[in-house]
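The values are calculated or read from the model by the stated rules, or taken from the named source; none is laboratory data. It should be emphasised that the depicted structure is a prediction, and the values quoted were computed from it without experimental measurement. Methodologically, a virtual Cβ is constructed for each residue, glycine included, from the backbone with ideal geometry; neighbour enumeration extends over all protein chains shown.
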Amino acid sequence: MTGIQLLLIFGVSLLGIYYVIRLKKTVVDLMLMMLLILTAIGFILWPELTNKIANGLGVGRGADLVYYVCILLFSFALLKLYSRMRRLEQEFTKLVREDALKKVEKR
C-alpha cells in the first residue's frame, strides 16, 4: 500500500465518521454513505478496477470515470442544497408574514 492510498483512505474514513457523528441522518442516508465510503476505499485499494469498469462503460480511463461520477454527485448535492435553501426561505417568509399580521391585529 502506498502513502497516497493511506492518506486517501484516512480522509474518506474521517469524512464518513464526521457524517455519522455530526449529521445523524436517517438509516437510508447512513446506508448510502457507507456504500459510498466502501466503494471509495475499494477504488483506492484497487485502482485497476476503475479502469475495467470505465472500459466496460466506454470511458477511456478509470480516472475519467471517477471524475464524471463526481460531477454528477456534486450536481445532485448542489441541487439538493438549493432546494433545501429555497424551502427554508419560503418557511421564513411565511413566519415573517404571520408575525407581521399578528402585530397589525394587536393594534
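Kindly indicate whether residue 78 is modelled with pLDDT under 95, within 18 Å of the chain's Cα centre (by Cα) and hydrophobic (A, V, I, L, M, F, W, C).
no
Going by the structure shown, is residue 25 under 14 Å from the mean Cα position of the chain (by Cα) and at pLDDT below 90?
Considered against the rule, which asks whether it is under 14 Å from the mean Cα position of the chain (by Cα) and at pLDDT below 90, residue 25 comes out as yes.
Is there a residue being among the hydroxyl-bearing types (Ser, Thr, Tyr) and surrounded by fewer than 10 Cβ atoms within 10 Å (Cβ to Cβ) anywhere in the range 28-40?
No, the range 28-40 contains no residue that is among the hydroxyl-bearing types (Ser, Thr, Tyr) and surrounded by fewer than 10 Cβ atoms within 10 Å (Cβ to Cβ).
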